[in-house]
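J.: The following block contains the structure, expressed as structure tokens.
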Amino acid sequence: MSTDLRTDIIRLAHEVPETRRHLLPLLREASGQGTVKGFLFVLSGWLTQYDQKLSVKRPNPYRLGHFLGAAQRAQKSMAKYMQADVRDPGVADRLKAALADGFTYSGAGNFDLPPVNKLSKAIDIYVAGGSAPNYKM
């Protein structure tokens, strides 16, 4: 789904209340929940929210750029798996390895950033049969 079409759907859903219940599920489906693309989309949102929380006490104009740069490196290394479901064999392990390459990994399944830790746990939950994570942190 193109960005323009997605923007149009969101605009229509807010302008015409009776269509909201029909259009928003289509948008959720188009965002790729359960796919590598969907998980990385959620990660970028969580990283942004985490930076906003940290900026209250410790402003740093470069921090978010570093966070999103690491997420982009993970996205580039997962480029051919973007539409793959995370439950597919080997995809979850590749995604976690891509996250470990981009972000500081302290071993035993722990990352130094809480949003990345949360995504790692969300991957495990999804693979075990749970639901895909949502955008809210």
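J.: Considering L54, L40, which residue is closer than 21 Å to Y105 by Cβ and crowded, with 16+ Cβ neighbours inside 10 Å?
T.: L40
J.: Sticking with this one: Among the candidates Y105, Y126, single out the residue that is within 19 Å of F67 (Cα to Cα) and aromatic (F, W, Y).
T.: Y105
J.: Of (1) farther than 12 Å from V36 by Cα; (2) touching a strand residue (DSSP E or B) at 6+ places or on another chain (Cβ under 9 Å); (3) among the polar types (S, T, N, Q), N60 satisfies all except one. Which?
T.: With (1) farther than 12 Å from V36 by Cα; (2) touching a strand residue (DSSP E or B) at 6+ places or on another chain (Cβ under 9 Å); (3) among the polar types (S, T, N, Q) applied to N60, the lone miss is (2).
J.: Restricting the search to the range 65-96, which residues are out of contact with any strand residue (DSSP E or B) (no Cβ under 9 Å at 6 or more places or on another chain), in contact (Cβ under 8 Å) with a residue 40 or more places away in the chain and not in a helix (DSSP H, G or I)?
T.: M78, R87
J.: On to the next question. Select, from K80, K76, K118, K96, the only residue that is under 18 Å from D51 (Cα atoms) and in the same structural domain as Q52 (by TED's automatic domain parsing).
T.: Going through K80, K76, K118, K96 in turn, the sole match is K118.
J.: Of these, D51, D8, which one is modelled with pLDDT of 90 or more and of a type in the set (D, E)?
T.: D51
J.: Given the criteria closer than 21 Å to Y126 by Cα and buried (at least 17 other Cβ atoms within 10 Å of the Cβ), does K96 qualify?
T.: yes
J.: While we're looking at this one, here's another question. Residue pairs, Cβ under 6 Å, 6 or more apart or interchain, first in the range 40-55 and farther than 21 Å from V86 by Cβ, second part of a helix (DSSP H, G or I). List them.
T.: Partner pairs satisfying both residue conditions: Y50/P115; D51/R63; D51/L64.
The values are calculated or read from the model by the stated rules, or taken from the named source; none is laboratory data. What you see is a predicted model, and the numbers here were worked out from it, not measured in a lab. Cβ coordinates were reconstructed from backbone atoms using ideal geometry, including for glycine residues, and neighbour counts include every protein chain displayed.
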